[in-house]
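Visitor: Handing you a structure now.
Please treat every number below as a calculation from the coordinates, not as lab data. Because the structure is a prediction, the values reported are computed rather than measured. Here the Cβ positions follow ideal geometry from the backbone for every residue, glycine too, while neighbour counts run over all protein chains shown.
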Amino acid sequence: MRVDLYEKIWMGVAAALIVIFLAAIVVAAGAYAIHPQSHVETIDPTTVLEDPEFGNPGVAIQPDGSVVVTLVAEMFFFDPDPIEVPAGRPVTFRLTSPDVIHGFEIVGTNANTMVIPGYVSEFTMSFAEPGEHLVVCNEYCGLLHHNMVGKLIVQGVGE
Ligand code: CUA
């Protein structure tokens, strides 16, 4: 069977594209730790604000020194705001929404998750350096979506 030269070239290009696409996934997952949620937890969105955990959002230091941030994203703010966490310790974020889908992105880090009514989003990360980060909602959630910003303050040791 004779394969035309141009056919061979385009077969090569198609194979190369597949390799590039697969490599992009591997690099994103390996080098940048970008991956789907590993956590599925549900909550009744109509009672979030009376929930023992999410009715009283805030930052709690655990006995082992780790930190849990319980946060509610609602039209059009984050509670708590600002979020104050210590540097150099694992911080677990637990988020939910009582109304519509919001986003939670800590600008300048790879923290970025959807906040979906009915579900608790959870991820853990630590912040090496003290400083301030902008927090933005990156899912269109209504007329004042563009005003839905917050602040995360990473405190150094002794602050
Ligand atoms: Cu909340 Cu956009």
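Visitor: Find the Rg to Rh ratio for region 1-65, where Rh is the Kirkwood radius over alpha-carbon pairs and Rg uses the same atoms.
Guide: 1.42
Visitor: Using only Cα positions of the chain, each an equal point scatterer, no hydration layer, compute I(q)/I(0) via Debye at q = 0.13, 0.16, 0.18 Å⁻¹ and quote the log10 values to two decimals.
Guide: Taking Cα atoms of the chain as identical point scatterers yields -0.67, -0.92, -1.11.
Visitor: Please order GLU139, GLU129 by the number of other Cβ within 10 Å, starting at the fewest.
Guide: GLU129, GLU139
Visitor: A further question on this structure: Roughly how tilted is helix 5-31, in degrees to the nearest 10 and between 0 and 90, from the longest Cα axis of the chain?
Guide: 20 degrees
Visitor: Based on DSSP H runs of at least 4 residues, each adding -39500 (n - 2.57), what is the mean residue ellipticity at 222 nm of the chain after dividing by all its residues, to the nearest 500 deg cm²/dmol?
Guide: -6000 deg cm²/dmol
Visitor: With the dipole of region 64-159 worked out from charges on the C-beta (+1 for Lys and Arg, -1 for Asp and Glu) around the Cα centre, which of PHE93, GLY131, LEU71 lies farthest toward the positive end?
Guide: Among PHE93, GLY131, LEU71, the one farthest towards the positive end of the dipole of region 64-159 is PHE93.
Visitor: Top mean-square fluctuation among GLU53, GLU74, GLU122, Gaussian network model of the chain, C-alpha springs under 10 Å?
Guide: Judging by the Gaussian network model, the answer is GLU53.
Visitor: Quick one: which residues, 5 or more positions from ILE43 or on another chain, have an amide H under 5 Å from its amide H? H modelled 1.01 Å from N in the peptide plane, none for Pro or chain starts.
Guide: Residues meeting the amide H criterion: GLY118, TYR119, VAL120.
Visitor: Under 5 Å between amide H atoms, partner at least 5 residues away or on a different chain: which partners does LYS151 have, H built in plane at 1.01 Å?
Guide: ILE83, VAL135
Visitor: What's the local net charge at HIS39, with K and R +1, D and E -1, over the other residues with C-beta under 14 Å away?
Guide: So the environment of HIS39 carries a net charge of -1.
Visitor: Can you quote the Å³ per residue value for the convex hull of the Cα atoms in region 25-97, rounded to an integer?
Guide: 140 Å³
Visitor: Enumerate the calculated ³J(HN,Hα) couplings along region 94-104 in order (Karplus 6.51 cos²θ - 1.76 cosθ + 1.60, θ = phi - 60°), each rounded to whole Hz, writing x wherever the residue is Gly or Pro.
Guide: 10, 10, 8, 10, x, 10, 10, 5, 10, x, 9
Visitor: Give the order of ARG89, ARG2, ARG94 when sorted by the count of other beta carbons within 10 angstrom, beginning with the fewest.
Guide: Sorted ascending by nearby Cβ count, the order is ARG2, ARG89, ARG94.
Visitor: Next up: Mind sorting ILE106, ILE43, ILE153 by how few other Cβ atoms lie within 10 Å of their own Cβ, fewest first?
Guide: Arranged by neighbour count, lowest to highest, ILE106, ILE43, ILE153 become ILE153, ILE43, ILE106.
Visitor: Along the charge dipole of region 1-100, pointing to its positive end and built from +1/-1 on Cβ of Lys, Arg, Asp and Glu, which listed residue (LEU17, ALA29, GLY55) has its Cα farthest out?
Guide: Among LEU17, ALA29, GLY55, the one farthest towards the positive end of the dipole of region 1-100 is LEU17.
Visitor: Before anything else, pin down the relative contact order of region 39-131: Cα pairs under 8 Å, at least 6 apart, normalised by residue count, whole percent.
Guide: Relative contact order, region 39-131: 30 percent.
Visitor: Oh, and also: Quick one: which residues, 5 or more positions from GLY103 or on another chain, have an amide H under 5 Å from its amide H? H modelled 1.01 Å from N in the peptide plane, none for Pro or chain starts.
Guide: VAL115, ASN138, GLU139
Visitor: Which whole-Hz couplings ³J(HN,Hα) result when phi for each residue of region 71-87 is put into the Karplus expression 6.51 cos²θ - 1.76 cosθ + 1.60, θ = phi - 60°, listed in order with x for Gly and Pro?
Guide: 9, 10, 9, 9, 4, 10, 8, 9, 10, x, 8, x, 9, 10, 10, x, 6
Visitor: Moving on to the next point. Got a sec to turn the phi values of region 55-64 into Karplus ³J(HN,Hα) couplings, 6.51 cos²θ - 1.76 cosθ + 1.60 with θ = phi - 60°, whole Hz, x for Gly and Pro?
Guide: Along region 55-64, the couplings run x, 9, x, x, 10, 10, 8, 7, x, 7 Hz.
Visitor: First select every other residue whose beta carbon is under 13 angstrom from the beta carbon of THR109; then total the charges, Lys and Arg +1, Asp and Glu -1.
Guide: Here the count lands on -3.
Visitor: If you don't mind, another one. Most fluctuating residue of ASP79, ASP64, ASP51 in a GNM of the chain with Cα springs under 10 Å: which is it?
Guide: Comparing ASP79, ASP64, ASP51 in a Gaussian network model of the chain, the most mobile one is ASP64.
Visitor: Still on this structure: How high is the relative contact order of the chain, in percent, counting Cα pairs under 8 Å that sit 6 or more residues apart?
Guide: 21 percent
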